[in-house]
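Visitor: Pasting in a structure now, in structure tokens, and then I'll have a few things to ask.
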Amino acid sequence: MNKVDNPLKKFINSNLYTRYSGILSLSDISLFLVDTNGDILLELIPAPDFCSHVCMEKRGQVCCDYKSQFNPHQESSFVCRYGLQNICLPIKVKDETLGYIAGMQVYSQDTEYKKYMIDVQSLKNDRNVELEFIAKAIAALKTVELNKIKIHEQLCRHIANNISLDLSESVSHVDSNVARLSIEKEMLEKKIIDLEAKNMSLVINPHFLFNTLNCIARIAYFEHSHTTEELIYCLSDLLRYNLKQDDQLHTIASEIDNIEKYLYIQKVRFKNRLEYTIDVPEKIKSYRIPNMVIQPIVENALIHGITPKRDGGKISIYAERYKKVIVISIADNGNGFPKDVLDKIQQSENKSGLGFRSTDKRLKQYYGERYGLEIVKSDYSGSTVTITIPTQPLGGASDECGINCRR
């Protein structure tokens with residue numbers, strides 16, 4: 001069908017965006033209308049800069065990944081060459097496909113590591129775009145939870161179905177069924193509200209939590225309980241760091257700062273039964289690592305190594321650079337992991353709360369199968385666990401530095 005004759009173009013001119021503005025306000029993920037040639041007829045929710053200014057070979061036209069998914073007979077949900085989740089839904093009238101509702105262009109939590117594997121230099125050469133613009137565009141790409149992706153798919157499917165029905169009715173000169181749109185919109189809104197309510201019920205308001213901790217700290221200050229005041233401030237900073245959900249790599253410096261707060265609190269608890277040292281060279285601290293990678297390993301050293309010993313023990317954290325890798329070691333002089341615990345850690349199907357398998361998986365997702373965690377030693381003289389990451393910088397991560405304990 002010729003672009004000029006395509007009924008979709010007339011349909012767009014009949015205030016399409018106004019008709020769907022209410023339901024479009026439920027999402028901030030890209031959604032656009034394209035014809036069968038791949039020309040973008042209307043952006044209902046704008047695409048990210050990376051997709052619209054860097055990835056597309058021709059302005060105003062979808063990339064070849066989308067064109068390869070055009071199928072008049074079925075919906076398509078796919079991951080593009082850069083790891084972004086996408087959806088493509090046909091708009092059909094009397095068995096004829098007039099175009100597609102497409103969009104999403106976000107990372108899922110399973111594919112976000114691909115953001116850091118994009119060859120920026122090749123894109124610069126191929127697209128003749130400044131490196132700085134490409135880096136900022138990549139950094140701005142969103143990582144979205146699976147629930148939100150599913151809801152956006154429902155929204156896209158809803159609009160595609162309604163456009164098809166409205167076009168069919170206009171061809172048959174039948175008025176649009178406004179009541180149908182209103183009911184389906186209400187159902188979608190209710191689903192989103194219910195989902196948000198469930199999520200909110202699982203989370204304590206952080207402002208309330210931190211305000212309460214600061215209030216207690218001030219009381220401790222006026223009562224001259226300086227150790228208590230210090231503990232509360234450290235706990236507040238520790239929780240604030242742990243609650244960050246920015247989906248970006250942090251510096252090793254911020255991870256170590258967080259570990260220092262954790263060990264300071266534990267030192268007050270264990271007193272002389274716990275000693276610890278941290279030796280991480282300054283030149284290593286600027287490298288990046290997923291947040292909350294070191295803390296679970298230190299916690300397990302404390303639980304399985306130091307706590308069972310009557311006289312306690314020592315935890316040592318140190319890092320070294322070997323050519324193209326950085327190795328962070330967490331060692332203790334405890335009794336080693338109990339055999340049953342060690343067996344669980346080494347089983348890939350382990351779902352216990354030890355954190356080893358999930359932490360190792362996160363590292364491999366970011367850096368590749370060569371990197372991750374390794375238990376290099378565990379016997380009655382103690383345990384040593386290493387974290388291995390590459391030295392090459394991975395673009396797009398922000399520099400998140402923790403706040404030092406107030407001591």
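The values are calculated or read from the model by the stated rules, or taken from the named source; none is laboratory data. For clarity, every value in this text was computed on a predicted model and none was experimentally measured. In this analysis, Cβ positions are derived from the backbone assuming ideal geometry, glycine residues included, and neighbour counts consider all displayed protein chains.
Visitor: Evaluate the following for residue 331: is it crowded, with 17+ Cβ neighbours inside 10 Å, of a type in the set (A, V, I, L, M) and at pLDDT below 85?
Guide: no
Visitor: State whether the residues of region 244-260 include one that is within 30 Å of residue 115 (Cα to Cα) and touching a Phe, Trp or Tyr at 6+ places or on another chain (Cβ under 6 Å).
Guide: yes
Visitor: Just the residues that are under 27 Å from the mean Cα position of the chain (by Cα) and either part of a loop (DSSP other than H, G, I, E, B) or of a type in the set (D, E, K, R) (or both), please, taken from region 49-62. Spell out how you get there, then give the answer.
Guide: Going through region 49-62, the residues under 27 Å from the mean Cα position of the chain (by Cα) turn out to be 49-56, 62.
Hits for region 49-62 are 49, 56, 62.
Visitor: Go through region 63-153 and tell me which strands (runs of 3 or more DSSP E), entirely inside it, have 2 or more residues that are without any contact (Cβ under 8 Å) to a residue 24 or more places away in the chain.
Guide: Output list reads 76-79, 85-93.
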